[in-house]
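All remarks here apply to the structure that follows.
The values are calculated or read from the model by the stated rules, or taken from the named source; none is laboratory data. Everything numeric in this text was worked out from a predicted model, so none of it was measured. Cβ coordinates were reconstructed from backbone atoms using ideal geometry, including for glycine residues, and neighbour counts include every protein chain displayed. Surface accessibility is based on the protein's heavy atoms, side chains included, excluding ligands, DNA and RNA. Shrake-Rupley method; radii C 1.70, N 1.55, O 1.52, S 1.80 Å.
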Amino acid sequence: MPLKKWNVINLQVRSSISSHIILGWMVLFVGLLGNLSGQINAGKLGGTVNDLTQAVIKGAIVKLYNPTTGFSRQILTDLQGTFSFKNVPFDYYLLKVEAAGFQTFSQKVRIRSNLPLIVNVSLDLVSETQTIQVAELIEEDSLGMETDLDQSFIEIQPSSKPADGLQKILRTVPGWISEDNGLLHVRGADNGLLFVLDGIPLTDRIDPLFGGAPQNEIIESIQVINGHIPVEYGYASGAVVQVIPKSGIDRKLGGSLDIGGGNFQTGQVGYTLGGNLKKRLGFYIGHSLTGSGQRYLDPIHPKNFNNSGRALRFNSRVDWYPTNQDTLIFNVGFHSSRFRITNTLDQELSGQRQRQELSNDHQSMTWQKTWSAYTVSDIGAYHRYFRSELFPSPNDVPLSAAQLREHSRTGILLNLVHFVKGHTLKVGTEGQRAAPHENFSFFITDKTLAEKTGISPMAMLFDRNNPFSFRSSAIRWQGSAYIQDTFSLKPNWTINAGVRFDRTTIMVSDSLISPRVGTAFYLPTTKTVLRASYNRLFTPPQLENLLLSSSKKAFRLSPFADQQTTDSMAVPPEKQHAFETGFGQSFGNWFQLNAAYWWRLIKNSGDPNVFFGTSIIFPNSVNKGKAQGLEARIDFPQKNGWSSYISYSNSRIFQIGPINGGLFLEDDIIDIGPGIKFNPDHDQRNTGAFGVLYRHPSKIWFSLSGRHASGTPLEIDSDELEDLKNRPGSDLVNFKRQRIRPRSLFDFSVGRDFSIRENHSIRTQFDIQNLTNKRFAYNFGNPFSGTHFGHPRLWSGKIRISF
């Protein structure tokens, strides 16, 4: 793409979202005047280094690191002998202090809440013998299946398919099932993920087809919670993904420039810039432009027709410490993408050129107040805006569709953490205003082809002179409150218990009281942690096309309308009973094993359907369901330059009709009436992943990773199978099992870091994805997810200049 055109896109994006950013900041400032509040999910660690006479030691080297995740930070004590680490992700660490003439100090520390952790260190004079503590890999009070991913792992991930960079990282977590275009499923939930950015919950979808994820280069760490979900996290039916962005508060002023490209006309350019402007003020920003001229989305035909797109992302964070007791964090970001909708062969021959434009922006502000060593409060607010527009073309077949959809969310949060007599108490509340606006239409352009592709008779009534048209807007509210306690009955027995109340008026007014409890018992003799938890979960439906999905107009087109009443139109909240039992086992400092067995009972299971081969999704819900499975992960910490992981999961999911909501135009959908049991599109029985990384002292490194998936179901009546066998790509389907054929994919990366001079370096990296060039499909003829084919071998290279 010519550089001039890319610059024009930049200007258009900035102009289109500037008004929403200004409005968002006005909302935030007004909100803060009313004592609105939020939560920062990162901790602080500080202290003083003295000798045995209590004289301070300046210039001592203080290192904080986690051998499993690769997290590592190092600072020097100041003239007063003090040190401070800020924006530290919740986890276990080894704190190590070294000074000339003194023995090395090491201690295991745990950062698990916003309460500041103070560790004062006294160094003894050097002697001939000393004991150095070796970090145990096990998390002694971990209450459920969790995976921590550090920037050292995140930054070297392949970049040859940049539109779903964050999704590719999350696919390495056990129990996560990947679908087309970066869609993710976990523990029986269809994209029921709660992303938390700097303590602010993002309740909307984060993927290439909806809301853009932050670029990998600005992420400090990611914590994925599959198991016990504390009551402070709401509206998550599958898992919680905590994203901690990089902060400039503890960095010298500097940045990086990335330039890369690959096959299928893939390219990317981006930069980061950040640092400490003053002792109490820091900033960090990231800006990137990525795109592909030939393969932006996963196509719906194996020959990959009409497939190009680009995405622009900007994220910024400002940290301000006006006093030692106050922390203010500001986040501003936007995302914009433009891409073509991929075609079938008939659509390509007709000259169809549909395209879609997405944009969203967000602003948030959080104020953390440390009242004492035992009490911390968080105050914050946020505003987010989303816009999606589908543009038809003159030659659309067999139907033409157009859409302009917008919605905004404005919210406030508050929480207070207080430690008293061994109990860490936390209380909080959240309120949110949601305002969707939808404008959608379609009409049949070719009745012969429409009949061939299975368009229903009801949908065939809408032609160019009588199009289907829907326009509506609404303002809805939802809120919550919670209280929880984390404590130990015995030194090795940790319990987290709480209760949460949620109330929503989004389409269906409903509420739920949700008790949750998780426990961990540590056996120091065998280095084993035993875990168990029960969670009650409540998740309102996604706002994307929710008004139309819950309307009478959509209900009249539903193939299930003759089996249900109009009471089944609106999409209700999903409710779950979630159980988990498992263990963690440390094998010295060699490796750590975590395993869990889980099961969930689901009411109103969210399972959206894709609109006729486009990238538009309409929410619906299935009456009830059940999911159960086993997850396991082994982590090998870095040793002699080598580190690795391996994970496996097995799951079974079924749902029972009827279906509420959605927009279905096809006539050949499986009969999912009341009491009908079926396997949904994310019922992938076996998945596995592994990764091996080697870093040589010469700063050359390479990694090899792989992922296996056993295949998703077709979800179609047996009398429709013959038609599917004649479609392109049918050789990728096992029709006897009525599932997609299994796939095993491998990726390879190699790179080298070059040091030019102090604080200046260059990193080169070369990536290959799908190393064996295996042909595969994500889904095929599925009434909910459609047909999508995976990528062939992808190669790319990039250069990063750091300064």
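What the table shows:
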{"item": "Among residues of the range 702-739, those that are within 27 Å of the chain's Cα centre (by Cα) and farther than 18 Å from residue 683 by Cβ, counted", "result": "5"}
{"item": "Which listed residue, of 45, 79, is among the hydrophobic types (A, V, I, L, M, F, W, C) and under 30 Å from residue 219 (Cβ atoms)", "result": "45"}
{"item": "Hey, residue 519 of a type outside the set (Asp, Glu), over 26 Å from residue 627 (Cα atoms) and open to solvent by 30 Å² or more (accessible area, probe 1.4 Å) or not", "result": "no"}
{"item": "Which numbered condition residue 783 misses (of (1) modelled with pLDDT under 95; (2) over 21 Å from residue 153 (Cα atoms); (3) in contact with a Gly (Cβ under 6 Å, 6 or more places away or on another chain))", "result": "(3)"}
{"item": "Residues that are under 30 Å from residue 366 (Cα atoms) and open to solvent by 40 Å² or more (accessible area, probe 1.4 Å), drawn from the range 424-472", "result": "425, 427, 429, 433, 437"}
{"item": "Criterion violated by residue 560 - all others in (1) more than 30 Å from residue 643 (Cα to Cα); (2) aromatic (Phe, Trp, Tyr); (3) modelled with pLDDT of 85 or more satisfied", "result": "(3)"}
{"item": "Enumeration of residues in the range 103-116 that are of a type in the set (A, V, I, L, M, F, W, C) and surrounded by fewer than 19 Cβ atoms within 10 Å (Cβ to Cβ)", "result": "109"}
{"item": "Residue match in the range 487-497 (condition: without any contact (Cβ under 8 Å) to a residue 60 or more places away in the chain and open to solvent by less than 80 Å² (accessible area, probe 1.4 Å))", "result": "yes"}
{"item": "Residue 607 at pLDDT below 90, on the phi < 0 side of the Ramachandran plot and within 22 Å of the chain's Cα centre (by Cα)", "result": "yes"}
{"item": "Unmet requirement for residue 218, which otherwise passes all of (1) within 14 Å of the chain's Cα centre (by Cα); (2) among the hydrophobic types (A, V, I, L, M, F, W, C); (3) within 14 Å of residue 313 (Cβ to Cβ)", "result": "(1)"}
{"item": "Flag if residue 421 is modelled with pLDDT under 95, under 30 Å from residue 42 (Cα atoms) and open to solvent by 20 Å² or more (accessible area, probe 1.4 Å)", "result": "yes"}
{"item": "Residue in the range 602-619 that is open to solvent by 10 Å² or more (accessible area, probe 1.4 Å) and free of Cβ contacts under 8 Å to residues at least 12 places away in the same chain present", "result": "no"}
{"item": "Meets criteria (touching a residue at least 24 places away in the same chain (Cβ under 8 Å), closer than 20 Å to residue 363 by Cβ and in a loop (DSSP other than H, G, I, E, B)) for residue 229", "result": "no"}
{"item": "Verdict on residue 379 being within 29 Å of the chain's Cα centre (by Cα) and open to solvent by 20 Å² or more (accessible area, probe 1.4 Å)", "result": "yes"}
{"item": "Whichever residue in the range 696-754 is β-branched (Val, Ile, Thr) and out of contact with any helix residue (DSSP H, G or I) (no Cβ under 8 Å at 6 or more places or on another chain) and, among such residues, is nearest to residue 672 (Cα to Cα)", "result": "712"}
{"item": "Some residue of the range 672-684 being touching a Lys or Arg at 6+ places or on another chain (Cβ under 8 Å) and either open to solvent by less than 60 Å² (accessible area, probe 1.4 Å) or modelled with pLDDT of 95 or more (or both)", "result": "yes"}
{"item": "Boolean, residue 710 is small (Gly, Ala, Ser), open to solvent by less than 20 Å² (accessible area, probe 1.4 Å) and without any contact (Cβ under 8 Å) to a residue 40 or more places away in the chain", "result": "yes"}
{"item": "Condition broken by residue 274, with the remaining ones in (1) out of contact with any helix residue (DSSP H, G or I) (no Cβ under 7 Å at 6 or more places or on another chain); (2) open to solvent by 10 Å² or more (accessible area, probe 1.4 Å); (3) modelled with pLDDT of 95 or more satisfied", "result": "(2)"}
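So that you can scan it fast, the table gives a plain yes or no per residue for (1) surrounded by fewer than 16 Cβ atoms within 10 Å (Cβ to Cβ); (2) touching a residue at least 24 places away in the same chain (Cβ under 8 Å):
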position	(1), (2)
690	no, yes
702	no, yes
714	no, yes
719	yes, no
727	yes, yes
734	yes, no
737	yes, yes
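Conditions (1) surrounded by 23 or more Cβ atoms within 10 Å (Cβ to Cβ); (2) among the hydrophobic types (A, V, I, L, M, F, W, C), marked per residue:
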{"residue": "294", "(1), (2)": "no, no"}
{"residue": "300", "(1), (2)": "yes, yes"}
{"residue": "315", "(1), (2)": "yes, no"}
{"residue": "331", "(1), (2)": "no, no"}
{"residue": "349", "(1), (2)": "no, yes"}
